[in-house]
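K.L.:
Next up is a structure, given as structure tokens.
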Amino acid sequence: MLAFLRGEPGCEHVLASLLSDEVNCIAHAINACEVYYDILRSEGESAADAALSKLEASGVEIRGDMDARFWKGVARRKARGRISLADCCGLALTEAVNGEFHSTDHHELDGIALVGDEKIVFIR
């Protein structure tokens, strides 16, 4: 989401997904929180609010799934190793909707992607 909002490499991949009639773009609220605090810290509250508005206007659905099945799936992922809680939420949501998790975070996700248990697509 940050790549899209900031026009960074990989933004064209995100834009193509947003424009596709065959793709539903969703994000967990914890991932949206990451985007919000990153922009809040660097650009201020109005910019952070505008960024989330842009995501939602572009078709990103923010979901707050957090039932026991969901958070246990998050915990199982977190217990496997060094991966952010937000990425664990995104991966659990991906599993819940039988989708793909799109990321730029090779540092934390390369090893998980190699195992093949998670559907991860790197946008750069």
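K.L.:
Going by C-beta contacts inside 10 Å, put S103, S53 in order with the fewest on the left.
P.N.:
S53, S103
K.L.:
Here's something else I'd like to know. Which value, in debye to the nearest 20, describes the size of the charge dipole of the chain about its Cα centre when Lys and Arg Cβ atoms bear +1, Asp and Glu Cβ atoms bear -1, and nothing else is charged?
P.N.:
That gives a dipole near 480 debye.
K.L.:
Once both axes come from the Cα atoms, what is the angle between helix 68-80 and the longest principal axis of the chain, in degrees from 0 to 90, rounded to 10?
P.N.:
Compared with the principal axis, the helix lies near 80 degrees.
K.L.:
Same structure, new question: Please work out the C-alpha center-to-center distance from the range 23-49 to the range 62-123 and express it in whole Å.
P.N.:
The distance from the Cα centre of the range 23-49 to that of the range 62-123 comes to 18 Å.
K.L.:
Another one. Treating the angle as unsigned and between 0 and 90°, give the value, to the nearest 10°, between the Cα long axis of helix 45-57 and the longest Cα principal axis of the chain.
P.N.:
Tilt of helix 45-57: around 70 degrees.
K.L.:
Let me ask something else about it. Debye sum, Cα scatterers, the chain, no solvent: what log₁₀ I/I(0) at q = 0.13, 0.16, 0.17 1/Å?
P.N.:
Summing over Cα pairs of the chain leads to -0.51, -0.79, -0.90.
K.L.:
Work out from phi, with θ = phi - 60° and the Karplus expression 6.51 cos²θ - 1.76 cosθ + 1.60, the ³J(HN,Hα) of each residue of the range 109-123, listed in order in whole Hz, and give x for Gly and Pro.
P.N.:
10, 4, x, 5, 5, 5, 5, x, 6, 10, 8, 10, 10, 8, 8
K.L.:
Give me the angle, in degrees from 0 to 90, between the Cα long axis of helix 29-43 and the longest principal axis of the Cα atoms of the chain, rounded to the nearest 10.
P.N.:
40 degrees
K.L.:
Neighbour counts of other C-beta atoms within 10 Å: give me H106, H28 arranged from fewest to most. Intermediate results must be reported in sequence, preceding the final value.
P.N.:
On the way: H106 12, H28 25.
Sorted ascending by nearby Cβ count, the order is H106, H28.
Where a number appears in this text, it was derived from the coordinates with a stated rule and is not lab data. The shown structure was predicted, so the numbers you read here are calculated from the model rather than taken from an experiment. A quick note on method: Cβ atoms are made from the backbone with ideal geometry, for glycine too, and the neighbour counts reach across all protein chains shown.
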